[in-house]
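Data block below; observations after.
The values are calculated or read from the model by the stated rules, or taken from the named source; none is laboratory data. The model shown is predicted, which means the values in this text are computed figures rather than measured ones. Ideal geometry is used to build each Cβ from the backbone, glycine not excepted, and the neighbour counts take in all protein chains shown. Remember, those area values only see protein heavy atoms, side chains included, never the ligands or the DNA or RNA. Shrake-Rupley method; radii C 1.70, N 1.55, O 1.52, S 1.80 Å.
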Amino acid sequence: MPKDGGIGESTLRREDIRFLTGKGRYTADISLRGQAHACFLRSEVAHGRINGIDTSAAEEMPGVLCVLTGADFTEVGGNPTGWLVQSRDGATMKEPKRPVLAHGKVRHVGDAYAMVVAETYEQAKDACEAIVADITELPALVDLAAAAADTANRVHEEFDNNVVFDWGWIEENRAAVDAAFASAPHVTTLELVNNRLSPNAMEPRASIGDFDSGTGDYKLYTTSQNPHLTRLLISAFVMGIPENKLTVIAPDVGGGFGSKIYHYGEEAAVLAASKKINRPVKWVCDRSEAFLSDAHGRDHVTKIELATDKEGNFLAVRTETLANMGAYLSNFATCTPTFLHGTLMAGPYKTPHVYVNVKAVITNTVPVDAYRGAGRPEATYSLERVIDKAADELGIDPWEIRRKNFIDPGAFPYTTPVGLVYDTGNYHATMDKLREMSDVAGFEARAEESRKRGKLRGFGLSTWIEACGIAPSNLVGVLGCRVGLYDAATIRVNATGNISVLVGAHSHGQGHETVFAQLIAEKLGVDAKSVEIVHGDTSKIPFGMGTYGSRSLAVCGSAMMKAADKIIDKGKKIAAHMLEAAEGDIEFNDGSFSVAGTDRQKSFAEIAFSAYVPHNYPLETLEPGLEETAFYDPANFTYPAGAYGCEVEVDPETGGVDIVRFTCADDFGNVINPMIVAGQVHGGVAQGIGQALLEGVVYNEDGQLLTGSYMDYAMPRADDLPNIDVDHSCVTPCTHNPLGAKGCGEAGAIGTPPAVVNAVIDALHRAGHSHITHIDMPLTPSRVWSAING
Amino acid sequence: MKVTMTVNGKSMSAETEGRTLLSSFLREGLGLTGTHVGCDTTQCGACTVHVDGEPVKSCTVLAQDVAGKSVTTIEGMANKDGSLSVLQQAFQTHHGLQCGFCTPGMVMASAALLNENPHPTEEEVRHYLKGNICRCTGYHNIVKAVLAASGADSQKLAAE
């Protein structure tokens, strides 16, 4: 029986109260006694040799406390990549050093090479302008193909070229794929760009370093989705501070979408500066700086080929991708275009042969890394676009070509040719649901009505699958991952019966404080109001791996279930003692422990109190206390999937695209809080529409960032979007985690871009522009107008 | 210089430089950190407050220019007994926020809209909120919340 606030209820979010009253506490809101303020000096050129930096004038400026440059960090380590990828020839990838502050060379516009700490932010900023750097500008490598081909001009001179790896997945499939293409009755080829995006969490990054000279302890307050990872990287790789002497605290986090998973140099720099001046040092990024220094996302140039028979049955898929890494390898940059992209290239389809090639290229641009969906949007976009093109070439309905190639509902578990084992799914069901929601029958009438107003209406379809909750540790280790991918939870039942749950996942908008409490309430049969979620502070929580890749519920939620099982087991021991019964006779139901077949029982609260007031305990066999920790390492990924439909109106006079209807049918496995799940889909769809129509990071040929503020990087605003119709009633529960949950956070960003682009192409085809087979994202009015007008 | 203004009904003062922005004055001078700063080009609206009843992006106004005026921030929006106002409650009920960072600005902008136009259409809500960026919600539930607070039947919007 669901308890008040249990599983399946759209419980209102408890965290909202503080956010709605101005009492949220984000990093920039924290002011420590005596804090000084930091400002970073960032490169104005994309590529340059640092001949010297004169900080003497800056050091004399009012309020300045210290100036640090790259030279101050040559004795410490650098920020590593978290995943070592092997090239097709077996060679380990190149791993350029990424120092705390640039030293010797600057490698992208925005690369920080000096830091000023002063009494006020304004003084620090003023002093930054007094630093004189002698930098010889070098030719910038911006274009992917040119950077890949250039061996004379190199971003990192210690390597012989700018390609850090040339990855093939799965290399053993290559010959069979080539053979399938050689004999295929039909081959569809598409070249496309997955545009570079800026994640743009609304809260800019911020960090406060606080060194305590009395104890030698460091504290870092920072905008992080993943505080333990940040501590690990600073301790083991960058600064050498023992982990037990460094606490990382991520308070409320104002969005991340991936960009706050990673460790950034500014975090190490404020710690070093705090130790140097023996005061807390605070840095708050401004938005222009964020565009120059937050990890960007996507940025692939891909050629995809789909081989089919004449009836549209898929025979093979082959891709070649150039992936832009930017100037350094950010923490998860290397696994995004590889293990999160190539492994999804089978999609929800039973394509027998798949081969994926990715060349990762270093350029003089901001480093990229995982952004909402991470690799899976890139895979889905390529696949769903080439399928539509193939359907068009073969004269098959886009619904039909997908339906005939779906993995059958009875075929699970299903092993794909790119190495994943899908445990459950029913792709026909989500597509049927989408068809019902989309009112396909009414489309022609709506299109006619649009025509009367001079507009072109089109419908676009995409089906998608993703791999969430990346795992298991032993597999990812074999593939080159340098960390484990589990999560952890401690359930601390307090003496008065209320419960603190300390978790490794960390919310940046997903509502963990509400949803995790619902889980515990349901499992332990208590009121959700008595459950508190503690997260984001490495001094309190067990070692966890944070929140990204839609892993919080499937992985950390499962750790919570395991810990709760231990609590119940311990509670049974206590109850057996209290009720003078055999432990095997104790049952736990609905929040109470009872002797089977009798009315003798103890409530959860009584058991908790007894655990902490253990009078007359058999101490040789029963420990006092009621607190348990569990680590959960998943056996497999989870595989959410769904089908999205987009209806657009194109204005042929201007090229403007209006999304008039957007529909999502998703299978997320079991859903804990439907309201929050719908909200996650809305947000993902908005970011997907942003990628499809508006967003794109643009560099000029000198490596200058042309989209460096909200004045020139367009993001969806309230009137750019329609209402989003969401359904998640098609459920195939995950078979290998105790919740049956799959994850929902990235779905919208994955399934949406191809649906939008397919819709625009459909609108143009219906209006007779059948020669237009593709337009690269973002589909801005000028691009669409140019396509229409040749 | 010392700047004094009425903030959420109370007279408040702090020492500032001439270049201090209203957003910094509120956050650092007065410790009212509910007003957030999400950009430096007046595009995102996270810093929206009311000055003499009008919505203003506080990152583009000098604190000294607001001296003597009446300012309302998100900290002043709850009912006197501390409970959420109708608009704030609508944001919670309709899940109109996720990370919460843009939320103070969204609430202040929405309150200004409802002051001007107590019964806006969906189109009017979307148009009015153009000056505020939310990266989490896709606006769907924000629009729903504002319409609900206006007394409109927000269930007419697409399900969920």
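Figures for the structure shown
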item	result
Lone qualifier among A:Asn162, A:Asn153 - being among the polar types (S, T, N, Q) and either more than 24 Å from A:Asn195 (Cα to Cα) or out of contact with any helix residue (DSSP H, G or I) (no Cβ under 6 Å at 6 or more places or on another chain) (or both)	A:Asn153
Criterion violated by A:Tyr264 - all others in (1) of a type in the set (Phe, Trp, Tyr); (2) surrounded by 23 or more Cβ atoms within 10 Å (Cβ to Cβ); (3) in contact with a Gly (Cβ under 9 Å, 6 or more places away or on another chain) satisfied	(3)
Selected residue (only one of A:Ala149, A:Ala130 is surrounded by 15 or more Cβ atoms within 10 Å (Cβ to Cβ) and modelled with pLDDT of 95 or more)	A:Ala130
Residue in segment A:713-724 that is among the β-branched types (Val, Ile, Thr), surrounded by fewer than 22 Cβ atoms within 10 Å (Cβ to Cβ) and at pLDDT 95 or above present	no
Qualifying residue in segment A:263-277 (condition: within 14 Å of another protein chain (Cβ to nearest Cβ) and out of contact with any Asp or Glu (no Cβ under 8 Å at 6 or more places or on another chain))	no
Scan of segment A:504-547 for residues that are under 19 Å from A:Asn589 (Cβ atoms), open to solvent by less than 20 Å² (accessible area, probe 1.4 Å) and out of contact with any Lys or Arg (no Cβ under 8 Å at 6 or more places or on another chain), ordered by number	A:Gln518, A:Leu519, A:Ile520, A:Leu524, A:Val531
Scope segment B:129-160; condition open to solvent by 60 Å² or more (accessible area, probe 1.4 Å), more than 10 Å from chain A (Cβ to nearest Cβ) and either at pLDDT 95 or above or not in a helix (DSSP H, G or I) (or both); matching residues	B:Gly151, B:Asp153
Enumeration of residues in segment A:395-428 that are over 18 Å from A:Thr343 (Cβ atoms), open to solvent by less than 30 Å² (accessible area, probe 1.4 Å) and assigned to a helix (DSSP H, G or I)	A:Trp399, A:Ile401, A:Arg402, A:Asn405
Matching residues in segment B:94-128 - criterion: being part of a helix (DSSP H, G or I), in contact (Cβ under 8 Å) with a residue 60 or more places away in the chain and within 7 Å of chain A (Cβ to nearest Cβ)	B:Pro104
Strands (runs of 3 or more DSSP E) wholly inside segment A:267-339 that include at least 1 residues being closer than 29 Å to A:Gly480 by Cβ	A:300-308, A:314-326
Failed item in (1) over 18 Å from A:Ala370 (Cα atoms); (2) surrounded by 24 or more Cβ atoms within 10 Å (Cβ to Cβ); (3) among the aromatic types (Phe, Trp, Tyr), with A:Phe237 passing the rest	(2)
Leading residue by the ranking (nearest to A:Glu203 (Cα to Cα)) among those in segment B:1-31 that are in a helix (DSSP H, G or I) and not polar (S, T, N, Q)	B:Arg27
Qualifying residue in segment A:622-642 (condition: outside any loop (DSSP other than H, G, I, E, B), under 22 Å from the mean Cα position of the chain (by Cα), crowded, with 24+ Cβ neighbours inside 10 Å and within 14 Å of chain B (Cβ to nearest Cβ))	no
Residue satisfying all of: in segment A:29-49; within 25 Å of B:Gly105 (Cα to Cα) and touching a helix residue (DSSP H, G or I) at 6+ places or on another chain (Cβ under 8 Å); nearest to the other protein chains (Cβ to nearest Cβ) among these	A:Asp29
Residue among A:Thr351, A:Thr380, A:Thr430, A:Thr336 that alone is closer than 25 Å to A:Asn162 by Cα and modelled with pLDDT of 95 or more	A:Thr336
Verdict on A:Asp658 being away from chain B (no Cβ under 12 Å), open to solvent by 10 Å² or more (accessible area, probe 1.4 Å) and either closer than 21 Å to A:Thr752 by Cα or in contact with a helix residue (DSSP H, G or I) (Cβ under 6 Å, 6 or more places away or on another chain) (or both)	yes
Residue that is nearest to the chain's Cα centre (by Cα) [pool: residues in segment A:173-194 that are open to solvent by less than 10 Å² (accessible area, probe 1.4 Å) and of a type outside the set (A, V, I, L, M)]	A:Asn194
Restricting segment B:19-31 to residues that are open to solvent by 10 Å² or more (accessible area, probe 1.4 Å) and within 11 Å of chain A (Cβ to nearest Cβ), the residue that is farthest from the chain's Cα centre (by Cα)	B:Arg19
Count of segment A:2-47 residues which are under 30 Å from A:Lys275 (Cα atoms) and not hydroxyl-bearing (Ser, Thr, Tyr)	17
Evaluation of A:Val116 against (1) open to solvent by 10 Å² or more (accessible area, probe 1.4 Å); (2) assigned to a strand (DSSP E or B); (3) of a type in the set (Val, Ile, Thr) (one fails), failing number	(1)
Qualifying residue in segment A:606-613 (condition: surrounded by fewer than 19 Cβ atoms within 10 Å (Cβ to Cβ) and touching a Lys or Arg at 6+ places or on another chain (Cβ under 6 Å))	no
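Residues are listed down the side, and each one gets a yes or a no for (1) open to solvent by less than 20 Å² (accessible area, probe 1.4 Å); (2) over 32 Å from the mean Cα position of the chain (by Cα); (3) among the hydrophobic types (A, V, I, L, M, F, W, C); (4) more than 14 Å from chain B (Cβ to nearest Cβ):
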residue	(1), (2), (3), (4)
A:Gly22	yes, no, no, no
A:Asn51	no, yes, no, yes
A:Thr74	no, no, no, yes
A:Lys97	no, no, no, yes
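Yes/no matrix, rows are residues, columns are (1) more than 30 Å from A:Thr363 (Cβ to Cβ); (2) assigned to a loop (DSSP other than H, G, I, E, B); (3) within 14 Å of chain B (Cβ to nearest Cβ):
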| residue | (1), (2), (3) |
| --- | --- |
| A:Asp126 | yes, no, yes |
| A:His156 | no, yes, no |
| A:Trp167 | no, no, no |
| A:Val177 | no, no, no |
| A:Phe181 | yes, no, no |
| A:Pro204 | no, yes, yes |
| A:Gly209 | yes, no, no |
| A:Thr230 | no, no, no |
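The rows are residues; the columns are (1) more than 14 Å from chain B (Cβ to nearest Cβ); (2) more than 18 Å from the chain's Cα centre (by Cα); (3) part of a loop (DSSP other than H, G, I, E, B); (4) of a type in the set (A, V, I, L, M, F, W, C).
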residue: A:Ile676; (1), (2), (3), (4): no, no, no, yes
residue: A:Gly690; (1), (2), (3), (4): no, no, no, no
residue: A:Pro716; (1), (2), (3), (4): no, yes, yes, no
residue: A:Val731; (1), (2), (3), (4): yes, yes, yes, yes
residue: A:Cys734; (1), (2), (3), (4): yes, yes, yes, yes
residue: A:Cys744; (1), (2), (3), (4): no, no, yes, yes
residue: A:Ala749; (1), (2), (3), (4): no, no, no, yes
residue: A:Pro753; (1), (2), (3), (4): yes, no, no, no
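This table checks each residue for (1) modelled with pLDDT under 95; (2) under 23 Å from B:Lys130 (Cα atoms); (3) within 13 Å of another protein chain (Cβ to nearest Cβ); (4) not in a loop (DSSP other than H, G, I, E, B).
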| site | (1), (2), (3), (4) |
| --- | --- |
| B:Thr33 | no, no, yes, no |
| B:Val37 | no, yes, yes, no |
| B:Ala46 | no, yes, yes, no |
| B:Val49 | no, yes, yes, yes |
| B:Val56 | no, yes, no, yes |
| B:Gly68 | no, no, no, no |
| B:Asn79 | no, no, yes, no |
| B:Leu84 | no, no, yes, no |
